[in-house]
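> Let me give you the structure first, and then I'll get to my questions.
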Amino acid sequence: MTRRAFAAFFLLVTLVASCGTLAGSPPPDRAQQGDTASRATPCRGNGDDFPGDVKLARCLTEWFWADRFRQSGETYRPITRFVAYEGNGGPDCGGQPAVPENAFYCPDGHFVAYDAAWLRAMYDQMGDGAVYVVIPHELGHAVQAQLVDDFRYNVERELQADCYAGAALSGLIQARALRAEQGDEEELLVNLEAAGDPTDAWWAPDAHGTPEKRQGYFAQGYNEGVGAC
Ligand SMILES: [Zn+2]
């Protein structure tokens, strides 16, 4: 997610309807956990406000990956820290200062940090889908760090993280750990629109992919699962 991309939201929001929809089971959620799910996952809370959604998105996504790793005979390594910051007050990552209005995974220390005021603003404007795109995307980078991570271009890494985010969300819905509410699908697509690059400079070191590509990779993971990423 980048600041530049966020500014594009206002232009892009009206395009969502033309960009197709996520097929399959209904997407996430206002993150209310079903009874089944509260027993099946270690995650507590209903996700009915911003702090609750942020906590739940992190917990459930990591639960999903721990389960996937276990199924493959591997052990998922949870992030060491989940840092909320504001403005310029974010943690360094390998000597690089955190920037405002961003969320990131830091391999040096294996942690995720997010500008809470920025994420909160997106949550208020676009709905809780913001949280369920941003957090699973960043945790997708934490997963990549534990798998093969030899991408030639940054955009490949970013789009795979989108795919992982989609796969995690649909996996959580299938596991009844998340329930979709009406409008959630649109929220997710809006958020991916907003997070896309304004141009298709896919070779750029900070490229994340165009809105269409980001939606496409997210939908691929969502519809076909982790194996499709
Ligand atoms: Zn990313």
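> Just checking, how many residues over the stretch 123-150 are assigned to a loop (DSSP other than H, G, I, E, B) and either near the ligand (Cβ under 9 Å from one of its atoms) or modelled with pLDDT of 90 or more (or both)?
Number of matching residues: 3.
> Tally up the residues in the stretch 101-137 that are small (Gly, Ala, Ser) and within 21 Å of Trp65 (Cβ to Cβ), please.
We begin by selecting, within the stretch 101-137, every residue small (Gly, Ala, Ser); these are 103, 109, 113, 116-117, 121, 127, 129-130.
Filter once more, keeping what is within 21 Å of Trp65 (Cβ to Cβ): 103, 109, 113, 129-130.
Of the residues in that region, 5 qualify.
> Take the residues in the stretch 178-229 that are among the acidic types (Asp, Glu) and not in a loop (DSSP other than H, G, I, E, B); name whichever of them is modelled with the lowest pLDDT.
Only one residue fits best here, namely Glu185.
> Name the single residue that is farthest from the ligand (Cβ to nearest atom) among those in the stretch 151-173 being touching a Phe, Trp or Tyr at 6+ places or on another chain (Cβ under 7 Å) and among the aliphatic types (A, V, I, L, M).
Leu172
> Mind checking whether some residue in the stretch 157-174 is out of contact with any helix residue (DSSP H, G or I) (no Cβ under 8 Å at 6 or more places or on another chain) and without any contact (Cβ under 8 Å) to a residue 12 or more places away in the chain?
no
> Being in contact (Cβ under 8 Å) with a residue 24 or more places away in the chain, under 25 Å from Phe69 (Cβ atoms) and not aromatic (Phe, Trp, Tyr): is that true of Gly140 here?
For Gly140, the condition - in contact (Cβ under 8 Å) with a residue 24 or more places away in the chain, under 25 Å from Phe69 (Cβ atoms) and not aromatic (Phe, Trp, Tyr) - is met.
> Looking only at residues in the stretch 19-65 that are surrounded by fewer than 16 Cβ atoms within 10 Å (Cβ to Cβ) and of a type in the set (D, E, K, R), which one is modelled with the highest pLDDT?
Here the answer is Asp49.
The values are calculated or read from the model by the stated rules, or taken from the named source; none is laboratory data. What you see is a predicted model, and the numbers here were worked out from it, not measured in a lab. Because the Cβ atoms are built from the backbone with ideal geometry, glycine has one as well, and the counts that use them run over all protein chains shown.
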